[in-house]
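Chemist: My questions will all concern the structure given below.
The values are calculated or read from the model by the stated rules, or taken from the named source; none is laboratory data. Everything numeric here is computed off the predicted structure, so don't read it as measured data. As a convention, Cβ positions derive from the backbone with ideal geometry for all residues, glycine included, and neighbour counts pool all protein chains shown.
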Amino acid sequence: MFGSGETSRAGGQVFDLVARSLARPLKVAVLETPAGFEVNSPVVAGRVADFIGVRLQNEHPEISVVPARRKSTPFSPDNPEVLRPLLESNLNFIGPGSPTYAARQLRDSLAWHMLVGRHRLGAALVMASAASVAVSAFALPVYEIYKVGEDLHWKDGLDLFAPYGLSLVIVPHWNNAEGGPTLDTSRCWMGVDRFAQLLRMLPAGVTILGIEEHTALVMDFQAEQCRVMGVGSVTLIKPNGEEQRFTKSKRLAFRELGPFRRPEPAFGIPPEVWQTMQQQSPAESTPTAAPEEVLSLVEERQAARTRRDWSASDTLRQRIEHLGWQVQDTREGPVLSPL
């Protein structure tokens, strides 16, 4: 889940990490849905697709833009032909647009059931900005409050994490500063004072995840652990009001988010959809994932390069190669591949 910056250098490093964990062939689907009300929604989604294609070019990804824009139209999130790429995709992205529009269009839709089904079958689900809000238990109506001037309120979200026992509200753009010194636009343009009021309007038992810009929270459902990546931090506000801040590379267990549990794989998915997805799930080969030791050395080497300590950088490269991995430096960051 991105706070923003999915097509930045920091975002590229997240896509690298996700891609290394996935089976091959790598098949990517980028959904237009959150921006489906905009006349240039293909361009919005296309920019992300182009970025992924360049960033992961060494993985030779097959990328599809899925124009599931609006219900009751030919480009509906209930149209099986439009959604065909989701039958085999193992990296699904949903991102910019309107959170409440995304929630309204995806709720109980075939597209949503397929996204959840693919995730349960092992695909990665990458969400940014509007999508991160939409999948919350309660979605923040950003445009309605900030642009239109509606009273403070929450909308029902898609509640992606409810089957896992978690009631999460995701707030991207946590440290936004576009308003400058005269207007507090942090907390996703709500500001600290208004967000404090919004917190009091939530029911008991809700956990807040505030994700800063150019920052991501990577959730590993196998390890039941989260990892902060990017340039900023993630703020966790527990139901009792306790607040914790996790900086880059810090980890937190799922149990810190609430009473985590694993649902049955088909839970909440219509039987006919689940059966179709199981039948269509492709035969894949699993890539070799870099061990934690190698990933730590890559991060250490990147820090050495940042401070222009080239001797330390060369030494760390040799240690990485000794462990059987090659690191390639790109404009967007280091890329690992087995020797």
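Chemist: Please find, among ALA49, ALA45, ALA68, the residue that is touching a Pro at 6+ places or on another chain (Cβ under 6 Å) and farther than 24 Å from ALA290 by Cα.
Modeler: Step by step, each of ALA49, ALA45, ALA68 is checked, and only ALA68 is touching a Pro at 6+ places or on another chain (Cβ under 6 Å) and farther than 24 Å from ALA290 by Cα.
Chemist: Determine whether ARG245 is of a type outside the set (Phe, Trp, Tyr) and either at pLDDT 85 or above or assigned by TED's automatic domain parsing to the domain that holds VAL171 (or both).
Modeler: It is true that ARG245 is of a type outside the set (Phe, Trp, Tyr) and either at pLDDT 85 or above or assigned by TED's automatic domain parsing to the domain that holds VAL171 (or both).
Each row is one residue, and each column tells you yes or no for (1) surrounded by fewer than 21 Cβ atoms within 10 Å (Cβ to Cβ); (2) without any contact (Cβ under 8 Å) to a residue 12 or more places away in the chain; (3) within 26 Å of PRO42 (Cα to Cα); (4) among the small types (Gly, Ala, Ser).
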| residue | (1), (2), (3), (4) |
| --- | --- |
| SER109 | yes, no, yes, yes |
| HIS119 | yes, no, yes, no |
| GLY122 | yes, no, no, yes |
| ALA137 | no, no, no, yes |
| TRP154 | yes, no, no, no |
| GLY157 | no, no, yes, yes |
| TYR164 | yes, no, no, no |
| ARG194 | yes, no, no, no |
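Chemist: Sticking with this structure for a sec: Being of a type in the set (D, E, K, R), out of contact with any Leu (no Cβ under 9 Å at 6 or more places or on another chain) and surrounded by fewer than 15 Cβ atoms within 10 Å (Cβ to Cβ) is the filter here; which residues of the stretch 306-339 pass it?
Modeler: ARG307, ARG308, ASP309, ASP314, ASP329, ARG331
Chemist: Yes or no: LEU56 of a type in the set (A, V, I, L, M), in contact with a helix residue (DSSP H, G or I) (Cβ under 9 Å, 6 or more places away or on another chain) and within 21 Å of ASP220 (Cα to Cα)?
Modeler: It is true that LEU56 is of a type in the set (A, V, I, L, M), in contact with a helix residue (DSSP H, G or I) (Cβ under 9 Å, 6 or more places away or on another chain) and within 21 Å of ASP220 (Cα to Cα).
Chemist: Related question: Got a number for residues in the stretch 124-135 being buried (at least 24 other Cβ atoms within 10 Å of the Cβ) and farther than 18 Å from GLY210 by Cα?
Modeler: Of the residues in that region, 0 qualify.
Chemist: Another question about this same structure. Within the stretch 179-277, which strands (runs of 3 or more DSSP E) (wholly inside it) include 1 or more residues that are out of contact with any Asp or Glu (no Cβ under 8 Å at 6 or more places or on another chain)?
Modeler: Filter on the stretch 179-277 gives 207-211, 215-220, 225-230, 243-246, 251-253.
Chemist: Can you tell me which residue within the stretch 19-41, out of those that are surrounded by fewer than 20 Cβ atoms within 10 Å (Cβ to Cβ) and among the hydrophobic types (A, V, I, L, M, F, W, C), is farthest from VAL54 (Cα to Cα)?
Modeler: In this case the residue turns out to be PHE37.
Chemist: Which count do you get for residues in the stretch 168-192 that are surrounded by 19 or more Cβ atoms within 10 Å (Cβ to Cβ) and among the aliphatic types (A, V, I, L, M)?
Modeler: Residues that pass the stated criteria total 5.
Chemist: From the list VAL39, VAL14, which one is farther than 24 Å from GLN279 by Cβ, without any contact (Cβ under 8 Å) to a residue 12 or more places away in the chain and not small (Gly, Ala, Ser)?
Modeler: Sole residue among the options that is farther than 24 Å from GLN279 by Cβ, without any contact (Cβ under 8 Å) to a residue 12 or more places away in the chain and not small (Gly, Ala, Ser): VAL39.
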